Amino acid sequence: MSSLPALFGVLVFTFLLMRVLPGDPAVFFASGPNAGKEEIEVIRKQMGLDKPVPEQLLLYLYDVGRGNLGKSLMTGQPVTTDLRDRLPASLELTLTALLIALVSAIPLGVLAALKPGSLIDHGVRLFCALGVCVPTFVSGLLLIYVFYYLLGLAPDPTGRIDVFTSLPPPRTGFLTIDFLLAGDVDGWWAAFRQLTLPAATMALFVIAPLARITRASMLVSLGSDFVRTARSVGLSWWRIVVTYALRNAILPVITIAGIVFSTMLGANVLVEKVYSWPGVASYALDALLSSDYAPVQGFVLLMASIFVVVNLLVDVLYGIADPRVSI
Amino acid sequence: MASTTLRHTVWILRGNPLTGIAAAGVVLLVLIAIFGPSIVPYDPIASNVSQALNPPSAAHLAGTDQLGRDNFSRLVVATRLDLVIAVSAVGISFVLGAVIGAFCGYAAGRLDRAVGRFVDVMMAFPLFVLAMAMVAALGNRVENIVIATAIINLPFYIRFARAEVNIRRNVGWVEAARASGESHVSVVLRFLLPNVLPAMAVQMSLNLGWAILNAAGLSFIGLGVRPPTPEWGIMVAEGARFISTGKWWLVAFPGLALMLAVLCFNLLGDGLRDILDPRMRT
């Protein structure tokens, strides 16, 4: 719950950034550069810009509370509609990436912790050191070079699906799931292939911190008394590692996974640009580059809300992973 | 004292030669940033269309781009801008963060708790998104990249300085300084801050790598630095258009430069931590 004030802070902060700093939105919204003084004055009244700043802030908060984030100049649609249309694409990408990252980082970390100083351990540590140094947009482009240009394994790296495939009826907005629901296997394969490279790019970026924390936390857990006891009573190796050691090592991993998820929300901007992925981040970026501020503001708010939800989720997962923690 | 520190440093370096290599790398980067523009073989912004998109060769070590500009010269010249952006951003947040954090940690109480809470939450926020929004609002200029990067780095320094000052606020020599009539401001600035600085320097080195990545990311998406200015992020962005036709050198070399720069700062930070703060040794 402690992240709710932060959400409010972000609201006020983005408002101040967009309204108080240089640039008169009324001039911008007017029909053209030659709009008359009266016209600008009328628009200013319409937008409420003639009122004092605190009152404007209250009006803005009121609007946001009613789900009104303003209109996009680019698309001519309400920002809420635009964001709703594009959010599934971003979520599908981010969640798939998180899944890939967790599925590869946890075993890597565990393996490294089981044999400290071994080849695997050094390999994992080298990978972690390099992983945080390569920018997402560079690794994304290099993956395109290798898998699309050199090997020809990946499809054309633009968008969620090629233009020739007919879309399934939208139910969840997640293309891979919608294709499955529609029973279209070819379509699913096409969407899945399209998704793999961007998701792998984003995953590569976050495997390093996840594997590192898994390794550290597993090392502590493996050296503890309860693991020694479990070993001495002759439990199977698998049971000791997975049921006892990993279960106890998972708390810090959950914490880092929460932080990693919010890094991924930021990395979305870069990955969506590299792969022309039609998500919320590339929408906000296009808006930003054409000085259309309402979508940017809406995007930042959306990210802040997702961030709050993720924080709550992490707290809940904490409770599940460790019954001693109460929410 | 000095000789013990020196001996300790040498001992650490012997056990961990990577730190030495990283330090050499950083020195090399700084030298390239200073002298690079005067020693490059070609003018980094002079186009020569007859030589466009050539792969690496003896004449053009890192190939040429779509306008026939020499990729190697652009890489070298870009070092200065990338380092200046990162160093000034981290410098600003270091100074501001140290002062704000130190005063909060010294004052303790309700304000301190509120700031601490706020900073904790900020650190987990998608900071790149925040930086993007700030550059959008402040205007699309290089100075604003610096400001945005400085602001998103700020929470880390505030938290660090706060914690370090907090554990020292009631120790003997601080009490002594207060008893001898030093004002609170002077206690913080002249006594507490200098004791916190070495530990913060480590944080700074680690953060420089992060700042470089952030700034390059911002210019990759078209914020701040404008073409034809050579800068690693924007060079990758320009090369991105040619990657699916196999022109790898336009992305790979600036990407490699970014990676090596970040790697050097990270390894140096880890090594500095071992030297300055033996308790944290990993």
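The values are calculated or read from the model by the stated rules, or taken from the named source; none is laboratory data. Predicted model only: the values in this text are computed from it and were never measured. Please note: Cβ atoms are built from the backbone with ideal geometry, for glycine as well, and neighbour counts cover all protein chains shown.
The residues in segment A:261-279 that are more than 10 Å from every other protein chain (Cβ to nearest Cβ) and either surrounded by fewer than 22 Cβ atoms within 10 Å (Cβ to Cβ) or of a type in the set (Val, Ile, Thr) (or both) can be counted, and the count is 3.
I need the full set of residues from segment A:220-246 which are surrounded by fewer than 13 Cβ atoms within 10 Å (Cβ to Cβ) and either within 14 Å of chain B (Cβ to nearest Cβ) or in contact with a helix residue (DSSP H, G or I) (Cβ under 8 Å, 6 or more places away or on another chain) (or both), in order please. If you could, list the steps in order and put the result at the bottom.
Going through segment A:220-246, the residues surrounded by fewer than 13 Cβ atoms within 10 Å (Cβ to Cβ) turn out to be A:223, A:225-226, A:228-229, A:232-234, A:236-239, A:242.
If the condition is that a residue be surrounded by fewer than 13 Cβ atoms within 10 Å (Cβ to Cβ) and either within 14 Å of chain B (Cβ to nearest Cβ) or in contact with a helix residue (DSSP H, G or I) (Cβ under 8 Å, 6 or more places away or on another chain) (or both), then A:PHE226, A:ARG239 are the ones that fit.
Residues in segment B:163-177 that are touching a helix residue (DSSP H, G or I) at 6+ places or on another chain (Cβ under 6 Å) and loosely packed, with under 15 Cβ neighbours inside 10 Å: none. Remark: pairs (first residue in segment B:122-145, more than 7 Å from chain A (Cβ to nearest Cβ) and over 21 Å from A:VAL314 (Cα atoms); second residue polar (S, T, N, Q) and crowded, with 23+ Cβ neighbours inside 10 Å; Cβ separation under 8 Å; 6+ apart in sequence or on different chains) = B:ALA131/B:THR149; B:ALA131/B:ASN214; B:ILE145/B:SER219.
Of A:LEU265, A:LEU302, A:LEU288, all but one fail to be within 22 Å of A:ILE207 (Cα to Cα), among the aliphatic types (A, V, I, L, M) and assigned to a helix (DSSP H, G or I); the exception is A:LEU265. Residue check: A:ARG160 meets all listed conditions (1) touching a helix residue (DSSP H, G or I) at 6+ places or on another chain (Cβ under 6 Å); (2) surrounded by fewer than 16 Cβ atoms within 10 Å (Cβ to Cβ); (3) among the charged types (D, E, K, R) but one, namely (2). Those helices (runs of 4 or more DSSP H) of segment A:162-259 in which at least 3 residues are at pLDDT 85 or above and farther than 28 Å from A:ARG84 by Cα, considering only elements entirely within it, cover A:185-222, A:225-232. Summed over segment A:145-161, the residues that are within 14 Å of chain B (Cβ to nearest Cβ) and within 26 Å of A:VAL280 (Cβ to Cβ) give a count of 8. Output the residues belonging to segment B:77-96 that are modelled with pLDDT under 90 and over 17 Å from B:LEU218 (Cβ atoms). Of everything in segment B:77-96, just one residue is modelled with pLDDT under 90 and over 17 Å from B:LEU218 (Cβ atoms), namely B:VAL77.
For A:TYR318, the stated conditions do not hold, so it cannot be described as of a type in the set (Phe, Trp, Tyr), within 30 Å of A:ASP156 (Cβ to Cβ) and more than 9 Å from chain B (Cβ to nearest Cβ). Is it true that A:THR14 is surrounded by 15 or more Cβ atoms within 10 Å (Cβ to Cβ), at pLDDT 80 or above and of a type in the set (Ser, Thr, Tyr)? So A:THR14 fails the test.
Annotation: B:ILE234 fulfils all but one of (1) surrounded by fewer than 24 Cβ atoms within 10 Å (Cβ to Cβ); (2) closer than 27 Å to B:ASN144 by Cβ; (3) more than 10 Å from every other protein chain (Cβ to nearest Cβ); the unmet one is (1).
Within the group B:PRO194, B:PRO227, B:PRO254, B:PRO198, which residue is under 19 Å from B:LEU53 (Cα atoms), surrounded by fewer than 18 Cβ atoms within 10 Å (Cβ to Cβ) and not small (Gly, Ala, Ser)? Explain how you work it out, then say what you get.
Numbers: B:PRO194 fails: under 19 Å from B:LEU53 (Cα atoms); B:PRO254 fails: surrounded by fewer than 18 Cβ atoms within 10 Å (Cβ to Cβ); B:PRO198 fails: under 19 Å from B:LEU53 (Cα atoms).
Residue meeting the stated conditions: B:PRO227.
Considering each residue of segment B:206-221 in turn, none proves to be at the interface with another protein chain (Cβ under 8 Å from one of its Cβ atoms), out of contact with any Ser or Thr (no Cβ under 6 Å at 6 or more places or on another chain) and surrounded by fewer than 21 Cβ atoms within 10 Å (Cβ to Cβ). A:SER217: on the phi < 0 side of the Ramachandran plot and more than 12 Å from chain B (Cβ to nearest Cβ), yes or no? So A:SER217 passes the test.
A search for C-beta distances below 8 Å between a residue of segment A:280-293 that is at the interface with chain B (Cβ under 9 Å from one of its Cβ atoms) and in contact (Cβ under 8 Å) with a residue 24 or more places away in the chain and any residue that is surrounded by 24 or more Cβ atoms within 10 Å (Cβ to Cβ) and among the charged types (D, E, K, R), counting only pairs 6+ apart in sequence or on different chains, returns A:ALA281/A:GLU272.
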